[in-house]
Amino acid sequence: MIQSFIFDMDGTLFQTDRILELALNETFEHLRSMDNWNGATPIEKYREIMGVPLPVVWETLMPTHSKEDRELTDGYFLERLLENIRDGNGALYPGVKELFSYLKKNQCSIYIASNGLIGYLEAIVSYYRLDRWVTETFSIEQIDSMNKSHLVRSIVQKYGITNGAVVGDRLSDINAAKDNGLLAIGCNFDFAKEDELAQADIIIDDLLELKKILK
């Protein structure tokens, strides 16, 4: 039986799209008001790269802007995300709390490993009181590289995980599992891509399916 579950956050536990469009529109409206952006908000382009570290996001969305402009935009975007989380505009995916309660009752350890920044993750964990079940939340900010496999490795090493699974919606999650000898569980949710999910050991359409996998 699997004893440890490492969950991705965005697109796996948290319905990021509920606040993504709001925060992104607010951010690019801010840029337009400063004459630092022309045209529509690149929401679809962001959806295509959803899950990558934020520095990569701004390099992709704002390739001709300076590093300073990207860093200022990143800071403003994070503020808008946090505000939307605190205002209750986001949502967990159905079954998260029920699943976490079930896993804890069955003596399973729960961790979160995300490319999200520390403040962003803390806001979600705090608002939904996920720390009732989650042993520890890890951000890509906590390691030197931007590699999800390295982040998961740090969890495995810290907690001595030998029988575990990584649950996520993108290829970085699947690779993180395989690179660390863990079961790769792909979530066929909003931001998932068929070719990436095909590389997972197991694919689920609902988080509560993990109950059957556990059994």
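The values are calculated or read from the model by the stated rules, or taken from the named source; none is laboratory data. Predicted, not measured: the structure shown is a model, and the values here were computed from it. Cβ sites come from the backbone with ideal geometry, for glycine too, and all protein chains shown count toward neighbours. The area values use the complete protein model at the heavy-atom level, side chains included, leaving out ligands, DNA and RNA. Shrake-Rupley method; radii C 1.70, N 1.55, O 1.52, S 1.80 Å.
If each residue of separation counts as 0.36 nm, what is the full-extension length gain between T135 and N25 once their alpha-carbon separation is subtracted?
Numbers: separation 110, 0.36 × 110 = 39.60 nm, distance 3.40 nm.
So the extension gain works out to 36.2 nm.
For K105, which lysines qualify as cross-link partners when the Cα separation must be under 30 Å and same-chain residues fewer than eight apart are set aside?
Here the lysines satisfying the reach criterion relative to K105 are K97, K148, K158, K178, K211, K212, K215.
Enumerate by residue number the trypsin sites (Lys or Arg not before Pro) in the range 82-136 meeting two conditions: DSSP loop (anything except H, G, I, E, B), and at most 12 other Cβ atoms within 10 Å of the site's Cβ.
Sites meeting the loop and neighbour criteria: R129.
Would you mind classifying the range 124-208 by shape? Square roots of the alpha carbon gyration tensor eigenvalues, ordered a ≥ b ≥ c; an a/c under 1.5 is rounded, otherwise it is prolate if a/b is larger than b/c and oblate if not.
Oblate, because a/c is 1.5 or more while a/b does not exceed b/c.
Net charge near T16, counting Lys/Arg +1 and Asp/Glu -1 over other residues with Cβ under 9 Å of its Cβ?
Values: positive: R18; negative: D10, D17, D190.
Net charge around T16: -2.
Just the number, please: carbon plus sulfur as a percent of the accessible area of the range 26-67, 1.4 Å probe, no ligands or DNA/RNA counted. Intermediate results must be reported in sequence, preceding the final value.
Values: 1260 of 2370 Å².
C and S fraction of accessible area: 53 percent.
Answer rounded, prolate or oblate for the range 78-165, using the Cα gyration tensor with square roots of eigenvalues a ≥ b ≥ c: rounded when a/c is under 1.5, else prolate when a/b is larger than b/c, else oblate. Intermediate results must be reported in sequence, preceding the final value.
Details: a/c = 2.58, a/b = 1.15, b/c = 2.25.
Oblate is the answer for the range 78-165, as a/c is 1.5 or above yet b/c matches or exceeds a/b.
Set the Förster distance to 22 Å, then compute FRET efficiency between K178 and H150 from the Cβ-Cβ distance, nearest 0.05. Provide the component values of the computation, followed by the final result.
Working: r = 14 Å, r/R0 = 0.62.
Once rounded, the FRET efficiency stands at 0.95.
Please give the FRET efficiency for N89 paired with E194, using the beta carbon to beta carbon distance and R0 = 22 Å, rounded to the nearest 0.05.
With R0 = 22 Å, the Cβ-Cβ based efficiency is 0.15.
For the range 97-215, what does the relative contact order come out to in percent, with C-alpha contacts under 8 Å and a separation of six or more?
19 percent
Could you calculate the FRET efficiency of T64 with A40 from 1/(1 + (r/R0)^6), where r is the beta carbon distance between them and R0 is 22 Å, rounded to 0.05?
E(calc), rounded to 0.05, equals 0.85.
If you rank I49, I204 by how much accessible surface each has, with a 1.4 Å probe, what is the order from largest down?
The ordering from most to least exposed comes out as I49, I204.
Averaged per residue, what accessible area in Å² does the range 34-139 show with a 1.4 Å probe, protein chains only?
Averaged over the residues of the range 34-139, the accessible area is 49 Å².
Quick one: net charge around L54, please, counting Lys, Arg +1 and Asp, Glu -1 for every other residue with C-beta under 12 Å from its C-beta.
With Lys, Arg at +1 and Asp, Glu at -1, the neighbours total -4.
Local charge sum around D169 (other residues, Cβ-Cβ under 9 Å, Lys/Arg +1, Asp/Glu -1)?
Computed value for this residue: -3.
Length gain on complete extension for the stretch E122 to R18, per 0.36 nm per residue less the alpha carbon to alpha carbon distance? Please list the in-between numbers first.
Details: separation 104, 0.36 × 104 = 37.44 nm, distance 1.76 nm.
35.7 nm is the gain from fully extending E122 to R18.
Of the heavy-atom accessible surface of the range 112-215 (probe 1.4 angstrom), what whole percent is carbon and sulfur?
Carbon and sulfur atoms account for 44 percent of the accessible area of the range 112-215.
From the Cα gyration tensor of the chain, with a ≥ b ≥ c the square roots of its eigenvalues, which class applies: rounded if a/c is under 1.5, or else prolate if a/b is larger than b/c, or else oblate?
prolate
Suppose a student asked you for the relative contact order of the chain, using Cα pairs under 8 Å spaced at least 6 residues apart; what percent would you report?
27 percent
So what is the accessible area of the range 163-215 per residue, in Å², with the probe set to 1.4 Å?
Heavy-atom accessible area per residue stands at 44 Å².
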